[in-house]
Amino acid sequence: MIYLDNNSTTAVDEAVVEAMTRCLRDAFGNPSSTHVAGQRSRQMLERAREQVAALIGARPREIVFTSGGTEADNLAILGTLAAHPTRRHVVLSAVEHAAVFTLCEQLEASGHRATKIAVNEAGALDMNSLVASVAPETAIVSVMLANNETGVIMDAASAAASTRAAGAVTLVDAVQAVGKMPVDVGALGADLVSLSAHKFHGPKGVGALYVRPGTRLRGQHVGGHQERDLRPGTENLVGIVGMGAAAEVAMRELASAPERMARLRDQLESAILRSIPGAVVNGGCAPRLCNTTNIALPGVEAEALIIALSEAGVCVSAGSACASGSMEPSHVLKAMGVSPTMARGSIRFSVSRQTTDAEIDSAIDEVVRAAARVARITAA
Ligand code: PLP
């Protein structure tokens, strides 16, 4: 199998498997218990908090563990609104992940105001319109650091600076960026930053929200006092330990892996552009994550190509995994002005630090062959 769908999820690193196995065997105590069994678990929990904090230049006490990126985004937005009851306006980029985008649509339906900030055809945010949208009743502005579908990197630091100046809270969804580019919460200047372990070779179902000291935020679950009351409930210790181990490996790998991933991605991208007439890279003119390319193939139905490639042992996706299965063109490509026909023929390839040169060579052959076959069938 050639796995080129690493923005959906990544394979768990061997060091992560070992850390989680050790934790499962050795630490069954409840981290909230005062006895020695509890304290052993507490130590592992706090070690993981240090590892995750180090990856994003934060202090351990600024990390709140959650069940993943979705919960971190939800906690950030709903928790900020709950802590600022008189502010009922949210601002978001038009290309946010469903964890933000759909939540804001629901908020709108329940009487909040939501302003979506347009992006240009390269996927870059219209900063003037963001600045103009932030009003005294704005509670939170949500801008992702890197887009999951196109890999386009947004100027989240400028968005955070403008938002701060206007007195609102900023959420930066860094779920796709972490592990693929350096992420430093100090340089970003955001109040809240969300991350998810399974996007950087950690386990699924665990993530974190960075909370800048002094940020007003209300927990969305009710129960015990875990995670400073922001996320009550006995911690997913094994998952958290896995996230910590994944963060430590990711930090080490940042020195060389992004360059290698970019080389492989570029090789794949240019071979496809050379071999398939009319192929276009969505967001190709913008700064992008080192591992992602989203290519529109004219005359090809993405869903049909995905199935054909899967039969040949190559895993890719159309836009976001959440959107696949539906024939609705992705809201991200739509916001970038990609025509519905080109959007329906758009495929996302995302490599990881585990992808090899040989895999890319084989994937190129398979994609070119499968695209020609699918185009013939579509045209017939
Ligand atoms: N935010 C972004 C940008 C994502 O790409 C994803 C997952 O694809 C999420 C949030 C949700 O993360 P999780 O799968 O951990 O809930």
Worksheet item: What does the convex hull of the Cα atoms of the chain come to per residue, in Å³, rounded to a whole number?
Response: 129 Å³
Worksheet item: With the dipole of the chain worked out from charges on the C-beta (+1 for Lys and Arg, -1 for Asp and Glu) around the Cα centre, which of LEU273, LEU130, ALA82 lies farthest toward the positive end?
Response: ALA82
Worksheet entry | Heavy-atom accessible area ranking, 1.4 Å probe, most first, across ARG348, ARG42, ARG376 | ARG376, ARG42, ARG348
Item to complete: Once you've got the GNM for the chain with C-alpha springs shorter than 10 Å, pick whichever of ARG228, ARG61, ARG260 has the biggest mean-square fluctuation.
Response: ARG228
Response to the item:
the chain, Gaussian network, Cα under 10 Å: of PRO203, PRO60, PRO213, the residue fluctuating most is PRO213
Worksheet item: How much of ILE153 can a 1.4 Å solvent probe reach, expressed as accessible area in Å² and rounded to 10?
Response: 50 Å²
Worksheet item: How high is the relative contact order of the stretch 14-253, in percent, counting Cα pairs under 8 Å that sit 6 or more residues apart?
Response: 27 percent
Discussion item. Let's see if you can work this out: charge +1 on each Lys and Arg Cβ, -1 on each Asp and Glu Cβ, no other charges. What is the dipole magnitude of the chain about its Cα centre, in debye to the nearest 20?
Written reply: 680 debye
Worksheet item: If each of ALA262 and ASN128 carries a label point 7 Å out from its Cα toward its Cβ, how far apart are those two points in nm?
Response: 3.1 nm
Discussion item. Quick one: the Cα spread of the stretch 254-380 along its three principal axes, in angstroms, biggest first?
Written reply: 46, 31, 26
Worksheet item: Under 22 Å from the Cα of LYS204, which lysines turn up, not counting those fewer than eight places away in the same chain?
Response: LYS180
Worksheet item: Hey, if we sort VAL17, VAL316 by accessible area with the 1.4 Å probe, largest down, what's the order?
Response: VAL17, VAL316
Item to complete: Within the set of other residues whose C-beta is less than 14 Å from the C-beta of GLU311, count the net charge using Lys and Arg as +1 and Asp and Glu as -1.
Response: 0
Fill in: Accessible surface of the chain [probe 1.4 Å, protein heavy atoms]: carbon and sulfur percent
55 percent
Fill in: Ranked order, PHE349, PHE28 - accessible area, probe 1.4 Å, largest first
PHE28, PHE349
Worksheet item: Rolling a 1.4 angstrom probe over the protein heavy atoms, how many square angstrom per residue are accessible across the chain?
Response: 41 Å²
Item to complete: About the Cα centre of the stretch 79-146, how large is the charge dipole given +1 on each Lys and Arg Cβ and -1 on each Asp and Glu Cβ? Please answer in debye to the nearest 20.
Response: 220 debye
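The values are calculated or read from the model by the stated rules, or taken from the named source; none is laboratory data. If you're wondering where the values come from, they're calculated on a predicted model, not measured in any experiment. FYI the Cβ positions are ideal-geometry reconstructions off the backbone, even for glycines, and counts take in every protein chain you see. Side chains included, ligands, DNA and RNA excluded: accessible areas come from the protein's heavy atoms. Shrake-Rupley method; radii C 1.70, N 1.55, O 1.52, S 1.80 Å.
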